[in-house]
Structures are given as structure tokens and as C-alpha cells.
């Protein structure tokens, strides 16, 4: 694990914030960006304290005070229900990078729409453990991410008895992490992830993946994402 810290918070009477991350999973540049972002927020008058939260991408992280007076960033472990936090920013940074890269791969970076892990999604009853999925996003509301996420098997996704509404966090922690890379895609996008490859549709038209982009270069099977250490 590596650690990075904010640099200017003390100028504003605010404790510096420490962030740990695994450099084999998350990029140093992204860790530096987050530290600079927190510096900037504090310089604008934002104050963070123990138990307070911040949304980074789709995840909600929290701050805890250390014995030396600094703050440390904690993120959800993406395994426990109810949510348990650990001293790390690895998943926060890596998920943010992946979700941005997916949107950039489709030239949708200007339309990125990050949900919150607390927002809900409609899922099908056969989603658990599946890496082959279909996803379709409607316009979100305050509590609703707009996402429908189902399996690719032949059963009735229109039957209320085959559907459930859960938080995005519960979906990833309990059912499958496969949808995670695509959660920041905007409303109006549908996709089919099957056999490690993915197709995207908008208004019934297939979207082209940008040559040389993250999705074009992906070598690991899509849908095989892990939560990180």
C-alpha cells in the first residue's frame, strides 16, 4: 500500500487528509488528483470531520480522525451488508478510472452521470453470480439510479415476481460486480455483456467503440471485475 496526503489543508485550519491505496490497482495520478481535489475543497471553505462523507464517482467515502490529528479516508469494503468501511481509497480510485474510461471509449465523457451507491436499481431474480448481463438506464431521480440490470437468460423480466429493487451497493456486494464499469453511462444507453464482450445501444443504434480506447484494448473478460484488496 502507498499513502498520499493533502498538502495545504493546514493553511486553512483544517487537518490534512491521508489516503492509502494499492498502486497495483489504482493509479498514482488518480490518487494525486483526489488529494488535490480535497485541498481545493478545503480552500473553498468545505470542512470535513469524523463520520462525514464525500462522494467520489459512485462510491460514498467517509473520514475518520487519526491519533495524530489528521484525517484518514475510508471506503466501503463492497462485501458487507450493512456497509462496512476500511482505510483505503483503492476501489474508489480504480472504479472512478474505469467508469470514466468506459464513457471515453464511447465518446460519452461529456455525458457521464455518476449515480450514488445508495441509489436503487431494478434487478432480476437470476442476477446473482452472473457475469453475463443486460443493462438499460432511464432518467434517474433522487433515490433511483435509473438502472435496470438483468441476466441474459430466457425468463420474464416484465414480471414483478422476477424483479427486485435494491441499492447499487447491495447489487455489487450481494449479487454481482459485473455492472460496476458501466454505472456512469448516461440515461438512454443499453448494453449487453455476454461472453466477455459488450455491445452498446442508444436509440436502437449500436454505438461504436473508439479505436485504441480502454474498451477496445481490454484483455481481461469484461464482467470479471473484483473488489480489490
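Numbers at a glance
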read-out	value
Alpha-carbon centroids, region 180-194 and region 1-40: separation in whole Å	30
Mean separation of Cα contacts under 8 Å, 6 or more apart, over the residue count of region 2-95: relative contact order %	28
Cα centroid separation - region 112-176 against region 44-92, whole Å	25
Per-residue [θ]222 nm for the chain (sum of -39500 (n - 2.57) over DSSP H runs n ≥ 4, rounded to 500)	-5000 deg cm²/dmol
Scattering curve values for region 145-224, log₁₀ I(q)/I(0), Debye with Cα scatterers, q = 0.15, 0.25 Å⁻¹	-0.63, -1.54
Footprinting exposure proxy for 100, 208 (fewest neighbouring C-beta atoms within 10 Å first)	208, 100
Taking 6, 50, 92, 70 and counting other C-beta atoms within 10 Å, the order from fewest to most	50, 70, 6, 92
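We did not get these values from a lab; they are worked out from the coordinates using the rules stated. The structure presented is a predicted model; accordingly, all values stated were derived computationally and were not measured. Here the Cβ is made from the backbone with ideal geometry for all residues, glycine too, and neighbour counts use every protein chain on show.
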